[in-house]
Amino acid sequence: MIFRFIALSAVGSLCLGGVALASAQEAEEATPRAPEQVYAETCGYCHGVNVGPIIRGRNLPPVITKSFVRMGPNSMPAFRQTEITDEELDALATWLEQSEADPEERGQ
Amino acid sequence: MSGLDRRTLLGAAGAIGAAAGFARTVNAQMADGQTAADVDAFMREMQSIVGEDWAFWNAEALRPYDKAYIPEPSDQLHPVGAVAPRTVEEVQAIVAAANRHRQPIWPISTGKNMGYGTAVPATPGQVVLDLKRMNRILEVDPDLGTALVEPGVTYQQLKDYLEENNIPLWIDVPTVGPLASPVGNTLDRGVGYTPYGEHFFFQCGMEVVLPDGQVMRTGMGSIKGSTAWQSFKWGYGPSVDGLFTQSNYGIVTKMGMWLMPEPPAYKPFMIRHPNMEDVPAIIEAMRPLRVSNLIANCNLMMSASYQLSMFQRRDSVVPNGAPLDDASVKRAAQANGLGMWNTYFALYGTDETVAAIEPIVRQVLTASGGEVLTEHEMGDNPWFHHHATLMKGGLNLDEIGMARWRGNGGGLAWFAPVAAAKGAEAERQTVLAREILDKHGFDYTAAYAIGWRDLHHIIALLFDRSDAEEERRADTCYREMVTRFGKQGWASYRTGVNTMDLVAQQYGAVNREFNAKIKQALDPNHIIAPGKSGIA
């Protein structure tokens, strides 16, 4: 077995002449993320995996979701406008209210 | 389905209505010599630099900046504003304005330093400099295994980038990896769980906006045309990168780091020991394996109570108000496949190197009285899964569950004294910690992180922050731990914003004076993060 890293480096120096495969990534706020993505990247690490309560499929009022995200009640972290924009949060809160329960999620 | 009941929702509605009260709180506490009008004038200038959408000083917008888990019964540590630049030039303009207005600013990267202060400044009246919008991954070199990132990049973002581009490099995460930033965690000298776990060891090159507004690059970064900024740490002359960690001497706007090549073979292990008294035997067994690098990653030696607190509530182990006795903990641990101490490490390499090392570590650790367990025995045990994920740079937030161990109030403060990796010292530390925690009515929810030659005793002080009396008790308890451990020669490697001065005192007057002289020379107006690490 060979390190994938070693294999890639060898190929890289052939194809790219040793030039690093570098990128200048654009800052990420230009396009608002879809609610599903925000949920997966943030909420879903706690909610539905035995850490926080299940929040999908419970018709949560959007005003409550938006308040919770910004204030971080109890043990929940708070999320700033620089992490989840107001526009993303509006969409997330609406999506969450209308979401179906996910049978794969685990509550506690 | 507890945790989101009618009472919680009503509480939230009450909190929404209480925003006006919050405004009075934050506006009441300005920095020395500043008035509300001064802050207002400064924030209007911030708007002109970053745009109206990214300068905040009304109560509602500041709420997420004020979230804390640490005990702070004096209730003085609140930001008075926040400003979120997008570019280095904007950071320079903000620093220039802060000097003119004498307005202190508190830089954060992603502000998720949970249990150490999150985004909250160490003194009243500061404006948070929120660098989250500076979130570009500037370069990843798959040949060298290096990256250059901005402060707002999260571990999640970096991992996604590597996977999307099929680059076979790992990241190394702290326990709040998805939300936290490599820059922020490294600058606070945080640790993770792969062989690249001591994050500052694997940092290489910084760009720093100095308090006078100049931009400095460390190491090889100031050499025009150099390709070695992320490869060679030292440059020439004094090595200064460490001056910008746990300090307030500049604002780091770019940071280089080394990334570990993904190994062909990865095998996680758990060693289960049955008794609280097994502490010295485990450490004595582990030390030679760590010092020789046969085991190359930072081991976590987790007490049963720490492990239980992640996924369970205290009242499922003992009745409310009862002490957390060892017999009850042991029963709950056994029911969940855990011992009183659970030590996690992994082997990394090829199938051949893992097969060669495994018998050696098995022999040593079995002789220490532990059961050597792998995925074969542990299956989908959630605790094993948690650590197996972390030790390969995987992301989860399981440990946030700890803040729910005791009531709903979300109180957490990490106390992390350091010692050499010697079993006898750890045994004495455990006795002292339990004595102080028992005295104040708190639980010993602790772990030892066994480094290359050191031992971090990671004690999670868990309390109900919604109970004012309990918060006061937690504060007293924490301070007693700092001072009594300090007298034994065990000082913290890191602490929360509420106790930075207290921990700095442990390190002595000469060190403090040295830090103060550097501060005075670089930042004579003391506008960058006064109070950080006890440096005014």
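State log₁₀ I(q)/I(0) for the range A:32-108 at q = 0.12, 0.13, 0.24 Å⁻¹ as given by the Debye formula over alpha-carbon point scatterers of equal weight, solvent excluded.
-0.28, -0.33, -1.26
Past 31 Å, Cα to Cα, is the threshold; run B:K439/B:K519; B:K159/B:K330; B:K159/B:K233; B:K132/B:K224; B:K67/B:K159; A:K66/B:K439 against it and keep the listed order.
Beyond 31 Å: B:K439/B:K519; B:K159/B:K330; A:K66/B:K439.
Taking neighbour Cβ counts within 10 Å as the exposure measure, how do B:V83, B:V215 sort from fewest upward?
Listing B:V83, B:V215 from fewest to most nearby Cβ atoms yields B:V215, B:V83.
Note the full-extension length gain between B:A424 and B:V88 as 0.36 nm times their separation in residues minus their Cα-Cα distance, in nm to one decimal.
Additional length available on full extension: 116.0 nm.
What percentages make up the Cα-Cα pair-distance distribution of the range B:21-130 when the bins are 10 Å wide from 0?
15, 52, 29, 4
Once you place label points 7 Å from the Cα toward the Cβ at B:S292 and B:A265, how far apart are they in nm?
Rounded to a tenth, the inter-label distance reads 1.7 nm.
Net charge within 12 Å of B:R362 by Cβ-Cβ distance, Lys/Arg positive one each and Asp/Glu negative one each, not counting B:R362 itself?
Local charge sum for B:R362: -1.
May I ask for the distance between the Cα centers of the range B:23-89 and the range B:279-332, given as a whole number of Å?
Taking the Cα centre of the range B:279-332 as reference, the centre of the range B:23-89 is 40 Å away.
Excluding residues on the same chain fewer than 8 positions from B:K422, give the lysines whose Cα lies under 19 Å from its Cα.
The qualifying lysines are B:K487.
Give me the lysines in straight-line cross-link reach of B:K517: C-alpha distance below 17 Å, same-chain residues under 8 apart excluded.
List returned: B:K532.
For the range B:265-498, max minus min Cα coordinate along each principal axis, in Å, sorted largest first?
Principal extents (largest minus smallest coordinate, Cα): 57, 37, 31 Å.
In Å, what Rg and Dmax follow from the Cα atoms of the protein assembly as shown?
24.0, 69
Using the Cβ atoms and a cut-off under 12 Å, what net charge is assigned to the surroundings of B:T194, where Lys and Arg are +1 and Asp and Glu are -1?
-2
Can you compute the FRET efficiency between B:W452 and B:V240 using 1/(1 + (r/R0)^6), with r the Cβ-Cβ distance and R0 = 25 Å? Round to the nearest 0.05.
Result of the calculation: an efficiency of 0.60.
Order by neighbour count: B:S309, B:S533, fewest other Cβ atoms within 10 Å first, most last.
B:S533, B:S309
On average over all directions, what projected area in square nanometres does chain B have, based on the convex hull of its Cα atoms?
Over every viewing direction, the Cα hull of chain B projects on average to 24.9 nm².
Which lysines have a Cα less than 18 Å from the Cα of B:K267, not counting those fewer than 8 places away in the same chain?
B:K392
What would the Debye formula give as log10 I(q)/I(0) at q = 0.20, 0.23, 0.29 Å⁻¹ for the alpha-carbon point model of the range B:315-366, no solvent?
Per q value, in the given order, log10 I(q)/I(0) is -0.76, -0.87, -1.09.
Set the Förster radius R0 to 60 Å, insert the Cβ-Cβ distance between B:D325 and B:E52 as r into 1/(1 + (r/R0)^6), and round the FRET efficiency to 0.05.
Values: r = 57 Å, r/R0 = 0.96.
Plugging the Cβ-Cβ distance into 1/(1 + (r/R0)^6) gives 0.55.
Please report B:V128, B:V364 as a ranked list, fewest other C-beta atoms within 10 angstrom at the top and most at the bottom.
Working: B:V128 24, B:V364 18.
Placing the least packed residue first, the sequence is B:V364, B:V128.
Read the figures in this text as sums done on the coordinates, not as results from a lab. Keep in mind the model is a prediction, meaning the values are calculated, not measured. Note: ideal-geometry Cβ built from the backbone for every residue, glycine included; neighbour counts use all protein chains shown.
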